[in-house]
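The block underneath contains the structure these notes are about, expressed in structure tokens.
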């Protein structure tokens, strides 16, 4: 839940509706603990749905449980796409700088190996972050229509 909220840039304290799908035993356990789930995860409502009946939503898999946050009404898709576009542009610049630094033979040859390794790790991290943000932007594009 926290990860989905963070991905969607939703405030942690904002109650959100949650759609769940899973097997009978898991459902029974979660239904028994629904008040706790509502309080700890700041959930406004819990609804059990089949995978086929689920509306457009951000989704996370937790074992056999599928957790969905319906995006409609929670997120301004166009504003979120703009924000994600700006973040991706910043990461593209950081990737370009890191690639240029690592392509410079003087840097690679003269810098301590731990500094070069750190720069390579940063480049990999920037790439992963960019892929995550691009995925989120694609999800928002689907929501925006």
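Taken together, the values in this text are just the output of simple stated rules run on the coordinates, not laboratory data. Nothing here was measured: the structure is a model prediction, and the numbers come from that model. Glycine gets a Cβ as well: all are built from the backbone with ideal geometry, and neighbour counts include every protein chain shown.
Computed extension length for residue 86-residue 49: 9.8 nm, one decimal, from 0.36 nm per residue of separation with the Cα-Cα distance subtracted.
How far, in nm, would the chain grow between residue 113 and residue 135 when pulled straight, counting 0.36 nm per residue and subtracting the alpha carbon separation?
4.6 nm
Going from the fewest other Cβ atoms within 10 Å to the most, the residues 88, 62 appear in the order 62, 88. Shown here: Cα extents along the principal axes in Å, derived from the displayed model; of the candidates [x] 50, 33, 25; [y] 43, 36, 33; [z] 62, 32, 29, it corresponds to [z].
Each pair of Cα atoms in segment 77-144 enters the Kirkwood radius, and Stokes-Einstein at 10 °C and 1.306 mPa s then converts it into a translational diffusion coefficient of 121 µm²/s. Taking the fewest neighbouring Cβ atoms within 10 Å as the starting point, the ordered list for 90, 110 is 110, 90.
For the chain, the longest principal axis of the alpha carbon atoms and the long axis of helix 113-144 meet at an angle near 40°. The convex hull of the Cα atoms of segment 2-70, projected and averaged over all directions, covers 4.4 nm². The separation of segment 19-76 from segment 107-129, counted between C-alpha centres, amounts to 40 Å. Helix 77-103 axis versus longest C-alpha principal axis of the chain: approximately 30°, rounded to the nearest ten.
Helical content alone sets the calculated 222 nm signal of the chain at -20000 deg cm²/dmol, taking -39,500 (n - 2.57) per DSSP H segment of four or more residues and averaging over every residue.
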